[in-house]
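Chemist: This structure is in structure tokens; I'll ask about it shortly.
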Amino acid sequence: MNFLLITFFNDVIFSKSVVKGNVGHDSSYKIAGVFLVNVKKMWIHHVFSSIILCLVSINVFAETRIAILDFELKDLTLAPRIPAEIKRTASIKPLLEGELKKAGYMIISIDPKSQKLADSGVGYLFDHHNVAAKLGKQFGADYVLVGRLHKPSFLFAYLMGHLIRVSDAELIGDYVSEAKGPNQKLTIKAVESLTVKIDKTLDNRYSPPPPSKQKH
């Protein structure tokens, strides 16, 4: 940009010399024409540079805003809703938010009270995308993820998620990630798997952590 300004002022000074008669009369029109062409080129370059700068700025600051609702537990085992499973279910939301933050997503917080007011029972928000979208819109989210920990057996469970686009209440992602056993490390891996699937639908920029080395 400094080079352009220097060039511009040099051409202005040179054009003044033409006007004052310091340059031959026969070539004055040609020089003036060249000056105008240079000014036009500089102006076009400046405009395109400004447009590119604006586009880059928009891309940097326009983060994708996503709200993660508290996961619900759907326990079909003979001993449902034991404290350990309730605790595991509560851990999924902050784990998922943490992984999405690493990928540059803006996490929109929806307080439990507002979620409870919008919810009419177990599975309601999971099945009623328009209600979930309305809740997300109230808090300025672009997308809402409604999640569930589905446990049909003592041996395994599934992290399930419905990703809803707030603007039109459209279900754009229906995800399932398996978590074998109640081990916290396996739950974390299932959350990472779910993050990969969500990110693939949206911005495609998440890289899951490498597998940890097992100690023998």
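Chemist: Any idea which residue in the range 58-96 is surrounded by the fewest Cβ atoms within 10 Å (Cβ to Cβ), counting only those that are closer than 16 Å to residue 204 by Cα and touching a strand residue (DSSP E or B) at 6+ places or on another chain (Cβ under 6 Å)?
Modeler: We begin by selecting, within the range 58-96, every residue closer than 16 Å to residue 204 by Cα; these are 59-60, 62-66, 96.
Adding the requirement that they be touching a strand residue (DSSP E or B) at 6+ places or on another chain (Cβ under 6 Å) leaves 63, 65-66, 96.
Values: 63: 13, 65: 17, 66: 23, 96: 24.
Only one residue fits best here, namely 63.
Chemist: Continuing with this model, one more query. Looking for something among the acidic types (Asp, Glu) and modelled with pLDDT of 95 or more - is there at least one such residue anywhere in the range 62-69?
Modeler: no
Chemist: Same structure, new question: Might you check whether a residue that is at pLDDT 95 or above, farther than 29 Å from residue 121 by Cβ and not aliphatic (A, V, I, L, M) occurs anywhere in the range 149-156?
Modeler: No; the residues of the range 149-156 include none that is at pLDDT 95 or above, farther than 29 Å from residue 121 by Cβ and not aliphatic (A, V, I, L, M).
Chemist: Are any residues in the range 74-104 free of Cβ contacts under 8 Å to residues at least 12 places away in the same chain, farther than 17 Å from residue 189 by Cα and assigned to a helix (DSSP H, G or I), and if so, which ones?
Modeler: Within the range 74-104, just 83 meets the criteria.
The values are calculated or read from the model by the stated rules, or taken from the named source; none is laboratory data. All values reported here derive from a predicted model rather than from experimental measurement. Note that each Cβ is placed from the backbone with ideal geometry, even for glycine, and that neighbours are counted across all protein chains shown.
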